[in-house]
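Worksheet: the structure to be examined is printed underneath.
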Amino acid sequence: MAPTTRQKELGRGERVLPGLWRLRLPLPWPGVPHCNAWAIASGPGIVLVDTGMHEPGSLAQLERAMDQVNLRLEHVRLLACTHAHSDHWGQAAPIMERAGCELWMHPNHAHATAGADDPQAALERRLEVGRQSGVPPRALAEYAERAKNFPSGVAKVVEPDHALVDGVQIETDLGEWTVYETPGHAPSHVCLYQPERRLLISGDHVLGRISLFYDYGHTADPVGEFLRSLDTVDVLDARLALSGHGKPFVDVHGHIEGNRALVAERLEAVLGAVRTEAKTALEILPAVYSQPVDVRNATWFLSETLSYLRHLQGQGRVAPEPDGGVERWRAT
Ligand SMILES: [Zn+2]
Ligand SMILES: [Zn+2]
């Protein structure tokens, strides 16, 4: 096999606890080979949490995973999404159609739904952020060309039937799950907690392998939101986390602490980079990340670094200096 060929992952279902199954679904993204949906027994059917991404053959992958644990799409009584990223919500429309079920999700989903309705406008906004961040025109043109082939991952934009906001309960055979709003990774992010069993469906808020991502540009301070959302789930004292990617994990508090430490480290790195001279966000990246910046990771790294800059700006520790359409940042 040529080293560049990616082995095609297959949907896989496994029982985590009686009445709770992990459905591992393939993703076409480099470095993120799969995501999880969770099925929870509920009367004659199941509550399905998250959907996997929509792409050719993706519904069959979900059905394959469900079939391995004797479940069918028609068993879904309710679909709940932890947030409106394509890997967690992209297949909502075909699942609702097949199962005849409702979708419950947080109302702050415009970060995804606006872009899905008008991908060209969303691309223009990303290019403008790149321009302001000091990305050279040639690299922006290359990115715009590549972006034409990015799959949206969303079958069809569907609005939730019911708002997943603080305190909403979802009934299952394992007991009631309570919704906790946890914005930061995305404005629409929620976690679900089952207190008697101390189970946390953590979505992408807390992952087994710590990985920070902020959906930048929709709220004033995603990093501040994320840190508050870590506090929100920390006090729950969960025993087992069922996350949006990777295996279930214990030591939830330790993972939350790991996230806090990495955020603190990166905030310091950003601040250190602009202490003696004003820099664009692009010029700050080498101080924050050890990997070289390339066309595949640049958008992620820039969104994350801009989120740190906005957070530090809110604390009065850095300020932007506009310079002919490019923003340079300096410690105050
Ligand atoms: Zn996500
Ligand atoms: Zn995800």
(message) For the stretch 159-200, give me each residue that is open to solvent by less than 20 Å² (accessible area, probe 1.4 Å), over 25 Å from VAL16 (Cα atoms) and not hydroxyl-bearing (Ser, Thr, Tyr).
(response) GLY184, HIS185, ALA186, PRO187
(request) Filter the stretch 92-111 down to residues that are out of contact with any helix residue (DSSP H, G or I) (no Cβ under 7 Å at 6 or more places or on another chain), open to solvent by 20 Å² or more (accessible area, probe 1.4 Å) and small (Gly, Ala, Ser), then give me how many there are. (result) 2
(request) Scan the stretch 10-56 for residues that are without any contact (Cβ under 8 Å) to a residue 60 or more places away in the chain and open to solvent by 50 Å² or more (accessible area, probe 1.4 Å) and report the count. (result) 10
(request) Give the residue, chosen from TYR193, TYR214, that is over 22 Å from GLY52 (Cβ atoms) and away from ligand 1 (no atom under 16 Å from the Cβ). (result) TYR193
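Is one or more of the residues making up the stretch 240-249 open to solvent by 60 Å² or more (accessible area, probe 1.4 Å), outside any helix (DSSP H, G or I) and within 16 Å of ligand 2 (Cβ to nearest atom)? Working first, answer last.
Residues of the stretch 240-249 that are open to solvent by 60 Å² or more (accessible area, probe 1.4 Å), as a first pass: 247.
Retained after the next criterion (residues that are outside any helix (DSSP H, G or I)): 247.
With within 16 Å of ligand 2 (Cβ to nearest atom) added as a condition, the list becomes 247.
Yes, the conditions are met somewhere in the stretch 240-249.
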(message) Given the criterion outside any strand (DSSP E or B), touching a residue at least 24 places away in the same chain (Cβ under 8 Å) and in contact with a strand residue (DSSP E or B) (Cβ under 6 Å, 6 or more places away or on another chain), identify the matching residue among VAL223, VAL233.
(response) VAL233
(message) Are there strands (runs of 3 or more DSSP E) fully within the stretch 6-93 with at least 1 residues that are out of contact with any Asp or Glu (no Cβ under 9 Å at 6 or more places or on another chain), within 16 Å of ligand 1 (Cβ to nearest atom) and of a type in the set (A, V, I, L, M, F, W, C)? List them.
(response) 45-49
(message) Restricting to the stretch 305-332, give me the number of residues that are more than 25 Å from the chain's Cα centre (by Cα) and open to solvent by less than 30 Å² (accessible area, probe 1.4 Å).
(response) 3
(request) Tell me, yes or no, whether the stretch 261-281 has at least one residue that is assigned to a loop (DSSP other than H, G, I, E, B), polar (S, T, N, Q) and more than 29 Å from PRO30 (Cα to Cα). (result) yes
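Can you pull out the residues in the stretch 155-199 that are of a type outside the set (Gly, Ala, Ser) and in contact with a helix residue (DSSP H, G or I) (Cβ under 6 Å, 6 or more places away or on another chain)?
Listed by number, the residues that qualify are LYS156, VAL157, VAL158, TYR180, THR182, PRO183, PRO187, CYS191.
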(request) Could you figure out which of (1) free of Cβ contacts under 8 Å to residues at least 60 places away in the same chain; (2) touching a helix residue (DSSP H, G or I) at 6+ places or on another chain (Cβ under 6 Å); (3) surrounded by 19 or more Cβ atoms within 10 Å (Cβ to Cβ) isn't true of LEU71? (result) (2)
(request) Give ALA114, ALA139, ALA121 a once-over and let me know the one that is of a type outside the set (Lys, Arg), surrounded by 13 or more Cβ atoms within 10 Å (Cβ to Cβ), farther than 25 Å from ASP50 by Cα and modelled with pLDDT under 95. (result) ALA139
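Just for the stretch 201-215: of the residues that are open to solvent by less than 50 Å² (accessible area, probe 1.4 Å) and of a type in the set (A, V, I, L, M, F, W, C), which one is nearest to ARG239 (Cα to Cα)?
Residues of the stretch 201-215 open to solvent by less than 50 Å² (accessible area, probe 1.4 Å): 201-208, 211-212, 214-215.
Checking which are of a type in the set (A, V, I, L, M, F, W, C) leaves us with 201, 206-207, 212.
On the way: ILE201: 11, VAL206: 13, LEU207: 14, LEU212: 22 Å.
Per the criteria, the residue is ILE201.
Checking the structure you have, find out if any residue of the stretch 296-319 is in a strand (DSSP E or B), farther than 22 Å from LEU207 by Cβ and charged (D, E, K, R).
Let us first name the residues in the stretch 296-319 that are in a strand (DSSP E or B), namely 318-319.
Filter again for farther than 22 Å from LEU207 by Cβ, leaving 318-319.
Checking which are charged (D, E, K, R) leaves us with none.
Looking for residues that are in a strand (DSSP E or B), farther than 22 Å from LEU207 by Cβ and charged (D, E, K, R), one finds none in the stretch 296-319, hence no.
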(message) Can you tell me which condition PRO151 does not meet? The list is (1) out of contact with any strand residue (DSSP E or B) (no Cβ under 9 Å at 6 or more places or on another chain); (2) open to solvent by 40 Å² or more (accessible area, probe 1.4 Å); (3) within 16 Å of ligand 2 (Cβ to nearest atom), and all the others hold.
(response) (1)
(request) Go through (1) under 23 Å from TRP38 (Cα atoms); (2) at pLDDT 95 or above one by one and return the number of the condition GLY224 breaks. (result) (1)
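The values are calculated or read from the model by the stated rules, or taken from the named source; none is laboratory data. Note that this is a predicted model, so its numbers are computed, not measured. Counting neighbours? That spans all protein chains shown, and the Cβs are built from the backbone with ideal geometry, glycine included. These accessible areas exclude ligands, DNA and RNA; they are computed on the full protein's heavy atoms, side chains included. Shrake-Rupley method; radii C 1.70, N 1.55, O 1.52, S 1.80 Å.
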